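Student: Following this message is one structure expressed as structure tokens.
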Amino acid sequence: MELLAPFSGTYDRGAAAWRGQSVPLVFLAGVPGMKPLPVEGPLVWMYERDHDVLAHVSRADFERRMGPPHGRDLEGDGLGPTDWWAWRADCGLTVAVLYRERTGRFHVFTGEEEIDHALAHLAWWSREVEWRADEGRPLAKNGWAVYRQDDTGNRHDVTVMPVRSHAECLARLLEARAHKQWYAVEARGTPPPQWSARPREGWAVIRQDEHGNRAEVLVHPSEEVARKLAAAYGSEPRHKQTYFVVPVAPGV
């Protein structure tokens, strides 16, 4: 989704990107970061009233974590002085945040299907959020589900997203703050027609819990490296899990 463009009063929320179904994926490390988004031309979302999230948090704390504003508009389209931040994450997510001095509230623009993803990048959870555009709406039936599982084997869907790489990123972010829980991604429903994906080849590191549930952590072309990674993961006991390596058949 692109949030910055010559102002037209609307912005394109983008199309779903599918990469094919697979076994559930779990991620343990490598939480992606966000980089300031280069800004050229008018700021579309400065004039867009339909934000996706309204949040109330300490401005000082936000700046300590996320840095100073990337820009400032003294008029704020008639809503008073407004500071703004805009990022593109390593995973490809684009998110913009406005701070309205008049209300002391933060407005987040990202796309309704990416709300959980954006909030995770901002390290905001339910206590900071006053309103969100998808509140009360059922999860999508088709897409990539991010679910959590606790140490007793209970599963719960967090969200269903149209873009697999974004769902995988959200799983990593949630996993990084999990306590006696792990997060995985799996396909749900019937994906629409998809483009040809590059076949995966190499060695998969698999995680298995005490209930026998398995999830792929990563695939590496080198068996030696994959086994070293599995050993490293297994050296830190967590949630009664074991790690092992299996070959990935070409074309899978």
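No lab work stands behind these numbers, since they all come straight from the coordinates. Just so you know, these numbers come straight off a predicted model, no measurement behind them. With ideal geometry, Cβ positions are generated from the backbone for all residues, glycine too; neighbour counts draw on all protein chains shown.
Student: Counting other beta carbons within 10 Å of each Cβ, put L74, L173 in order, fewest first.
Tutor: Listed from fewest to most nearby Cβ atoms, that is L74, L173.
Student: Could you please rank E210, E128, placing first whichever residue has the fewest other Cβ atoms within 10 Å of its Cβ?
Tutor: Fewest-to-most Cβ neighbours within 10 Å comes out as E210, E128.
Student: Next question. Which whole number of Å³ per residue matches the convex hull of the alpha-carbon atoms in the stretch 55-146?
Tutor: Dividing the Cα hull volume of the stretch 55-146 by its residue count gives 117 Å³.
Student: Let me ask something else. Using alpha carbon centroids, what distance separates the stretch 131-158 and the stretch 95-110, in Å?
Tutor: So the two Cα centres are separated by 26 Å.
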